[in-house]
Amino acid sequence: MRVLMIDAGPVPGSSTSVALDEIRRQLQREDVECDLVYTGGQQIQSCLFCGRCKDLGRCVLDDCLNPILERAARADGYIFASQSHYGVASGSLASLIHRFVTADRTCVGKPAAAVVTCRRSGATSALSELNSFFAMKSMPIVTSSYWNLLVGSTPELARQDLEGLRTMRNLARNMAWLLKSLDAGRQQGISAPALE
């Protein structure tokens with residue numbers, strides 16, 4: 001089993017990386033592989049709503065999305081991480097997820113989680129924003145023992161958020177459990193429901 005993790009933090013090694021590192025370590029303990037992609041700092045265009053991805057199987061825009069789609073096809077679940085500024089997710093991650101769920105033919109039915117880091121507040125509204133993309137694509141949303149957030153404007157401060165780090169580990173446990181449960185169901189002949 002494999003989880004594709006997207007780090008949209010503003011710089012490598014930011015507080016988003018702290019959250020994803022904690023998740024990755026726990027997923028590996030649960031025998032789940034992790035494929036990490038860093039997209040922070042890249043210019044990611046908004047969806048053109050041209051619909052051509054449905055015929056092409058890829059996006060017509062030339063940025064980091066198409067290589068991510070190739071990796072996503074080999075993943076069983078997804079985790080998208082962003083910092084929250086002004087109570088919303090980063091614009092680049094929102095654009096990326098919007099185009100991802102539009103162009104990815106394999107994402108329906110795959111578990112997904114959003115993780116948000118913040119200085120003090122605004123993470124819950126950003127989580128709601130990101131989770132709406134998954135809900136619209138029939139993707140099970142993976143939760144934890146609290147909101148999927150980590151508080152700390154710097155990596156050092158984020159590492160001090162012990163409750164947040166515990167939340168990240170529980171998120172990883174829930175992701176691993178759901179992936180294993182879906183796999184066990186498939187092995188017993190239980191398939192995903194046909195959507196009207």
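Remarks
- Ordered by solvent-accessible area of protein heavy atoms (1.4 Å probe), largest first, the residues Ile190, Ile141 come out as Ile190, Ile141.
- Between Ala184 and Ser138, the distance separating the two model label sites (each 7 Å from Cα on the Cα→Cβ line) works out to 2.4 nm.
- Compared with the alpha-carbon gap, the fully stretched path from Val11 to Trp177 is longer by 56.7 nm at 0.36 nm per residue.
- Calculated FRET value between Tyr146 and Gln42, using beta carbons and R₀ = 35 Å, to 0.05: 0.70
- Backbone N under 14 Å from the Glu30 label point (7 Å along Cα→Cβ), restricted to segment 50-81: 76-80
- Exposed loop sites were defined as chymotrypsin sites (Phe, Trp or Tyr not before Pro) in DSSP loop states (anything but H, G, I, E or B) carrying at most 13 other C-beta atoms within 10 Å; in the chain the longest segment without such a site runs 87-145.
- Relative contact order, whole percent, for the chain stands at 24, derived from Cα pairs under 8 Å and 6 or more residues apart.
- Largest to smallest in accessible area, the residues Lys180, Lys54, Lys110, Lys137 fall in the order Lys54, Lys180, Lys137, Lys110 (1.4 Å probe, all protein chains included).
- Percent of beta bridges antiparallel (DSSP, the chain, rounded to nearest 5): 10
- Both radii come from the Cα set of the chain: Rg as radius of gyration, Rh as Kirkwood radius; their ratio Rg/Rh reads 0.95.
The values are calculated or read from the model by the stated rules, or taken from the named source; none is laboratory data. Being a predicted model, the structure only gives us computed values, none of them experimental. FYI the Cβ positions are ideal-geometry reconstructions off the backbone, even for glycines, and counts take in every protein chain you see. Only protein heavy atoms, including side chains, enter the accessible area calculation; ligands, DNA and RNA are left aside. Shrake-Rupley method; radii C 1.70, N 1.55, O 1.52, S 1.80 Å.
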